[in-house]
Each structure stands twice: as C-alpha cells, then as structure tokens.
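A.B. asks: Handing you a structure now.
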Amino acid sequence: MNAPIPSTERRRAPTDWKGADMQKRIAARYSSERRFRMIGLTAILMSAGFLAFLLISMLHEGASGFTRTELAVRVDFPKAPIVIDPATLRGEGADAVLASVNWQALTDQAATGALGQDGVWIAPGAWLVMRDAVKADPSLLQKSVTLSLPASDDLDIAAKSDGSPEAEAAYARLDKAGIATRAVNWDFLTSSDATDPTQVGIWGAFKGSLLTMAVTLLLSFPVGVLAALYLEEYAPRNRWTDMIEVSINNLAAVPSIIFGLLGLAVFLNVMHLPRSAALVGGMTLALMTMPVIVIAGRNAIKAVPPSIRDAALGIGASPIQVVFHHVLPLALPGIMTGTIIGMARALGETAPLLMIGMRAFIASPPGGITDPATVLPVQIFLWSDEVSKGFVEKTSAAIIVLLLFLLSMNSIAIYLRNKFERRW
Amino acid sequence: MPQSSTPKMSARNVNVFYGEKQAIQNVSIDVDTDNVTAFIGPSGCGKSTFLRTLNRMNDTVASARVEGEITLDGENIYSSGMDVVQLRARVGMVFQKPNPFPKSIYDNIAYGPRIHGLASAKADLDVIVESSLRRAGLWDEVKDRLKDSGTALSGGQQQRLCIGRAIAVEPEVILMDEPCSALDPIATAKIEELIHELRGRYAIVIVTHNMQQAARVSQRTAFFHLGTLVEYGSTSEIFTNPREDRTKDYITGRYG
C-alpha cells in the first residue's frame, strides 16, 4: 500500500536548522516569550500596588479612628451638688437614681472648675463617662478623683491633624500641661451610631451585619444547595430545565438594587415584615446570593466523577443515599467556594439595603433579627456623607472593621473547605 | 461441558435501545453459579451494555430502553414489583476502572452492609470486613492499615477492594465489566486467580477484551458482534471449534 510520494514532496530541500532564518525565528520566539512574561508581571505588580495603596491609605486614615483624645479632669464629688446615698446605687433602683441626676450640668461644672476656660473642650457626651464611672464604683461619691473625659470633636481633630486655630492653641496648652492624652477608644467598638463623632461606635452596625449575614446564609445555603442537587441529580433534561438554568444564570447577573426593590415590594409592602430589620435585609440578600450558590453548586456536583455514583449504585445504594453519602460530601468544598463568593458580595452590599430602609439612624445595637438595624457598608456610606470632620477617620475605621470582618469570614470558610476536601 | 440444572439468571429475547438506536438485538442467554461466563467481542458490540441490563444499571441512562425478559431465580427483574436497590445488592458489579470511595478501606467494605442493614453491631461489621477482604485476597496486604484511604492503594489493590466491596453485601451474581483493562499483568493475574476462587459461590459474568483472559478464567463464553449474540457455549469449544465463521475470525485475530 505504498502510494508514490508526490513529486513536489520529493523536491523539498532538507530543513536548515542552523540557518540565519531559523536563528531569527528562534530569537523572535524568545523575545515574544519575554515580552509576555513582562506584561503579566506588570499586571500583577499594578494590582498589588493598588491593593497596597488601598490598605495603607485606609490604615493611615483609619488607625486614628480607634483612638481619642482625653482630658484629665479632677472631680471632687463630695463638693458637687448631688444628693445620692451611695448605698442606693448598689440595689435594684440604681438606674432610676442615676437618671435623676443632671450629669450634664455636673460634668460642665467639674470641667470648668478644673480647667477654667478650657472646660469647653470637653465632649458633649463626656457626662456618660462620669455617670458610668459612678455606676461602676459608687464609693467614688465620697472621694475626689481624676477622671479621663473624652475631648470634644474639635480638640480631637486638632490633636490628630489640623483643626481650627483656637482648638490648636487650646490643645497645645492642654498638652503642655499634661492634661490631654491619647487613649484607645473602646467605645468605638462597643457603641452604636450617634450624632457626635466622638460618641459613635461600630458595634451596632457590626451586629447588624452579623445578623443579616446569618439570615442570608441560613436561607440561601440550604435552598441553593438543594436546588443545585435537584437540578443536577434528579431533574430530567428538557426545555423546562434549560429555561430554569438560563433564568438562574441571568438572576446572578441582575443588579443588586433591583433585588432591593423586590424586597421592598414583596417583603415590606405585601408581607408587611418589619422595616429596616436584619430579617428583611437578610432575605433580600439571600435572593441575590442564591443564584451564585446554585451555579457554583451545580458545577461542583458535575465535577464529582460518575464512577463514584456507579460504584454506590452498583452495591445497591438508593439515589438519595448516593447523593447524601457520596456526591454531596465530594462537592461540598466547591459549593463552599461559591458560598464564600456569594456571601462576601452580600456582606459588602449597600444599595438593596437602602431600599428596604436599613439606612435609618440606629443609636442602639439590634437585639434580634426583627429590630431596626443597619449594616457595616451602609454605616460607612452614612458616615462618609456627614459634614463634621470627625467622621472622616470614623469612616476609615469602619472600613477597616468591614475588611477584617470579610477576612475572618473568608478564613473560616477556607478552613472549613480544606477540612472537607478529599483527594482521590 | 458442565451444565447446572437451574440457571441463576436468564435472558429471553432482550432488545436494548438508546433512543432510536438499537444496541442489543434479541439476545437470549443463561448464567449459572457453577461456571464463570465470559462475554467477548469487538469494541461496541454491546457486551457491556448487555452486562449492565443484568442489574439495571442502564436505568441511569435516560434514553435507554430494555425489551424482553431477564429473570433472577425465575423473577423478572424488569417487573414493577422488583426493587432496583435490592436487585443491585443481589447482583453486584465491578467496573472497568477501579472506583473505591474516597473513604477508608474499612468504610469502603462496610458501606454496603451498613446501608442494607446487614450488620448492626460493630463486631459484626468487623467480621464482615475481614471475611470480605480475605475473600478478595487483600486482607494480608491491608490488615494493618484499614483506616487508610482506599484511594491510596495501587490499581490492582483498588480493584480487589472493589471486588471485596461487592462481596460484602453477599450478592448472588457478580458482574465484572473489563475488570483488568486498567491493570498491569501481575495485578491481572491476581484478579484472575480471585475469580477462580469465587467461582461456585457466586455466579460470575465477566466482560473482557482479552481473549486469553476469557480462555483462562471462564467455563462458558458468549461472543457478541454488532449487538447480537453470535455464539454461546463452553469456552473450550468456542476457542477450539467455533461453529460460526465470525467467531472463528474474531478469535484468530482477523478483526476486532
């Protein structure tokens, strides 16, 4: 069966592997290789640079948000115009007794007494510190003590960057006298939104985010995984399932604000669920997260080798046993990856939550999923809109908290994924 | 030719379709416990398809349709009264590519007995695991590392683990779909030896591409070609004195 080689074939000259043409081609190949590597490296360096810029500028701006300026004020309680028997503060009615005192006037008086003219630089909310100190230790009422009271917003800004000339002068004076000090602002981590930037805290928004994420996860994970399992393992392949698949893919790409409108129309207007609540926020975000989980889940389930299904069916496992004993455990790491991506997106979502009223001014942390709440990104948005200069660092500090939240959430998910990962 | 009195499984006029395409035409065959039955034939002749109809594994293919009658101990396995899950426990299967679960060796064997409720106490399960691994000829190699993953074993060991897994649910029939095609000659020899030992206890049907293997392990051979059963008889007769020209051409290497 030896067909004659065509004459043109026979006339081909032997390839000159060492010739000049060949050398030039090799050089061109090498340089294109080098060029491609350089472009790739530049892309990586650029994205790393942007990331570093973001992190550094956030830390630079936000780190001071976790501290505050405090003024040491000598308070002579026995001489102060309060008539409380310390014994009454140890019993049941302590809060009522405390409420009967005009702490604001007392604080102003003490500040003026101790600092003279500079007493005006005490924060409007400083009386809270004084009240809490007395509440914690009623014996203070019989003593003269030095309390560290937070300084006002203007002085705080003067201390950290550049404030008004008067504030700068006052800070220089107080700093020299050793009265002004810098301390960690624990209240920022434990309190909620306020109108005065020295009093604001992130805990309310943090807890709101936590509750909202819990609702989102509890709704979207089981529903998404079960939908993915049904579509992959049970549903027949026909026009209907094709249509469902296309719809799910489209849902994953719908802008989030539209989910917000849907939440407003359905959960608030039709179902009359509480406005501004973590429950409704979580439900709205669950709608947004579910398609992501379904798509990732289907891909993960598809990637489970069919031989494992055969093996289980071959020794008489029922379809549901095949799914829950073999397919789901093997697909779980992939499903979790999709869930992380979906939840991370939900955590950073602002627009749909504005639609359902989670942008309200919430001065106390939510007690449950039906209480009015706000979430970290919305809080950041609200603070970034404030006029007072003191909110700038608070905004950055809140961003740091949000990023840490995101990072810890992802770390837990990656840990779980690696734990469940099986190799074969 | 040893012929047992009652066949364990018998097929009568079986046709299999994948959608419009007919994969098996009018096959009738009996399988018994005393003999190992080998299905041979060129690629695409339908021998694997037919094997998979014997424990209804073809049910997982949406477009597959089976006509005719296949009985296990006289009971039609395609009747509505037959529970597929139980059928597959009674008619076990070993696949072409070793497919242990990504679980421990112990759990691989114990999985079947567990889901079928064959053992309640841990001690009972231990006995089943040991006896199944012994019968699969794997016990001595793995007895000290039952907690290791089944996927960490070599290919031949994995395949014996899969045979042990099938044995653990005490099936009546074991179907083997080219069990040695992914194994080296030494591992193949071990599996063949194992098949010899299991003969008589289980009805064994083996699909193979390797004619020498069919000659070595089986007592009865069925030759399939283009979806039809060309010839079925004792192995020695098929290989030495085939009745059909097509069989003769195939076993002498003219095609396939």
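The values are calculated or read from the model by the stated rules, or taken from the named source; none is laboratory data. Just so it is clear, the structure is predicted and the values come from calculations on it, not from any experiment. Backbone-built Cβ (ideal geometry, glycine too); neighbour counts: all protein chains shown.
A.B. asks: Among the listed residues B:Ala215, B:Ala168, which satisfies the condition of being buried (at least 19 other Cβ atoms within 10 Å of the Cβ) and free of Cβ contacts under 8 Å to residues at least 60 places away in the same chain?
C.D. replies: Result of the check over B:Ala215, B:Ala168: B:Ala168.
A.B. asks: Does A:Gly314 satisfy the condition of being within 14 Å of another protein chain (Cβ to nearest Cβ) and either touching a His at 6+ places or on another chain (Cβ under 6 Å) or closer than 26 Å to B:Asp59 by Cβ (or both)?
C.D. replies: yes
A.B. asks: So, in region B:60-81, of the ones that are free of Cβ contacts under 8 Å to residues at least 12 places away in the same chain and within 14 Å of another protein chain (Cβ to nearest Cβ), which residue ends up surrounded by the most Cβ atoms within 10 Å (Cβ to Cβ)?
C.D. replies: B:Thr60
A.B. asks: Next question, about the same structure. Of all residues in region A:71-101, how many are without any contact (Cβ under 8 Å) to a residue 24 or more places away in the chain and not in a helix (DSSP H, G or I)?
C.D. replies: Adding up the residues that qualify gives 6.
A.B. asks: Right, A:Asn269: in contact with a Gly (Cβ under 8 Å, 6 or more places away or on another chain), part of a helix (DSSP H, G or I), more than 10 Å from every other protein chain (Cβ to nearest Cβ) and free of Cβ contacts under 8 Å to residues at least 40 places away in the same chain or not?
C.D. replies: Spelling it out, it is not the case that A:Asn269 is in contact with a Gly (Cβ under 8 Å, 6 or more places away or on another chain), part of a helix (DSSP H, G or I), more than 10 Å from every other protein chain (Cβ to nearest Cβ) and free of Cβ contacts under 8 Å to residues at least 40 places away in the same chain.
A.B. asks: Go through region B:130-156 and give me each residue that's assigned to a helix (DSSP H, G or I), within 14 Å of chain A (Cβ to nearest Cβ) and buried (at least 20 other Cβ atoms within 10 Å of the Cβ).
C.D. replies: Hits for region B:130-156 are B:Ser132, B:Gly150.
A.B. asks: Sort out for me the helices (runs of 4 or more DSSP H) sitting completely within region A:133-227 that have 1 or more residues that are within 28 Å of A:Leu406 (Cβ to Cβ) and touching a residue at least 60 places away in the same chain (Cβ under 8 Å).
C.D. replies: So the answer is A:153-160, A:186-190.
A.B. asks: May I ask you to verify whether B:Leu183 is part of a loop (DSSP other than H, G, I, E, B) and more than 14 Å from every other protein chain (Cβ to nearest Cβ)?
C.D. replies: Against the criterion (part of a loop (DSSP other than H, G, I, E, B) and more than 14 Å from every other protein chain (Cβ to nearest Cβ)), B:Leu183 qualifies.
A.B. asks: Among (1) surrounded by 20 or more Cβ atoms within 10 Å (Cβ to Cβ); (2) modelled with pLDDT of 85 or more, where does A:Met130 come up short?
C.D. replies: That leaves (2) as the condition not met.
A.B. asks: Here's a follow-up. Look through A:Gln104, A:Gln117, A:Gln109 and report the one residue that is within 26 Å of A:Trp203 (Cα to Cα) and assigned to a helix (DSSP H, G or I).
C.D. replies: Exactly one residue qualifies, and that residue is A:Gln104.
A.B. asks: Can I ask one more? What is the one condition in (1) at pLDDT 80 or above; (2) surrounded by fewer than 15 Cβ atoms within 10 Å (Cβ to Cβ); (3) within 19 Å of A:Lys143 (Cα to Cα) that A:Ala72 does not satisfy?
C.D. replies: Condition not satisfied by A:Ala72: (2).
A.B. asks: Here is a further query. Could you run through region A:272-306 and say how many residues are under 21 Å from A:Arg237 (Cβ atoms) and either in contact with a Cys (Cβ under 6 Å, 6 or more places away or on another chain) or in a helix (DSSP H, G or I) (or both)?
C.D. replies: Qualifying residue count for the region: 11.
A.B. asks: How many residues does region B:82-110 hold that are among the hydrophobic types (A, V, I, L, M, F, W, C), more than 8 Å from chain A (Cβ to nearest Cβ) and in a loop (DSSP other than H, G, I, E, B)?
C.D. replies: 1
A.B. asks: Starting from residues that are under 21 Å from A:Trp186 (Cβ atoms) and of a type outside the set (Phe, Trp, Tyr), keep the ones in region A:111-127 and report whichever is surrounded by the fewest Cβ atoms within 10 Å (Cβ to Cβ).
C.D. replies: Across region A:111-127, the extreme among qualifying residues is A:Pro124.
A.B. asks: Another question about this same structure. Inspect region A:364-383 for any residue being away from chain B (no Cβ under 14 Å), in a loop (DSSP other than H, G, I, E, B), under 30 Å from A:Leu155 (Cβ atoms) and not β-branched (Val, Ile, Thr) and give the result as yes or no.
C.D. replies: Yes: one or more hits.
A.B. asks: Another one. Among the residues of region B:111-129, which ones are at the interface with chain A (Cβ under 9 Å from one of its Cβ atoms) and within 20 Å of the chain's Cα centre (by Cα)?
C.D. replies: Within region B:111-129, B:Tyr111, B:Gly112 qualify.
A.B. asks: Still on this structure, please answer the following. Select from region A:236-261 the residues that are under 19 Å from A:Gly348 (Cα atoms) and either in a helix (DSSP H, G or I) or of a type in the set (D, E, K, R) (or both) and list them in ascending order.
C.D. replies: A:Leu251, A:Ser256, A:Ile257, A:Ile258, A:Phe259, A:Gly260, A:Leu261, listed by residue number.
A.B. asks: Also, quick follow-up: Residues of region A:340-363 being under 18 Å from the mean Cα position of the chain (by Cα) and in a helix (DSSP H, G or I), which ones?
C.D. replies: A:Ile340, A:Ile341, A:Gly342, A:Met343, A:Ala344, A:Arg345, A:Ala346, A:Leu347, A:Ala351, A:Pro352, A:Leu353, A:Leu354
A.B. asks: Take region A:296-311 and flag every residue that is within 14 Å of another protein chain (Cβ to nearest Cβ) and basic (Lys, Arg).
C.D. replies: Within region A:296-311, A:Arg309 is the sole residue that qualifies.
A.B. asks: Does region B:39-59 include one or more residues that are out of contact with any strand residue (DSSP E or B) (no Cβ under 8 Å at 6 or more places or on another chain) and more than 10 Å from chain A (Cβ to nearest Cβ)?
C.D. replies: yes
A.B. asks: Moving on to the next point. Please verify whether A:Ser164 is surrounded by fewer than 14 Cβ atoms within 10 Å (Cβ to Cβ), among the hydroxyl-bearing types (Ser, Thr, Tyr) and in contact with a helix residue (DSSP H, G or I) (Cβ under 7 Å, 6 or more places away or on another chain), treating the condition exactly as stated.
C.D. replies: Taking the combined requirement at face value, the residue satisfies it.
A.B. asks: Tell me, please, whether a residue that is at pLDDT below 90, among the aromatic types (Phe, Trp, Tyr) and over 16 Å from the mean Cα position of the chain (by Cα) can be found in region A:321-330.
C.D. replies: Within region A:321-330 (the criterion being at pLDDT below 90, among the aromatic types (Phe, Trp, Tyr) and over 16 Å from the mean Cα position of the chain (by Cα)), the answer is no, since none of the residues qualifies.
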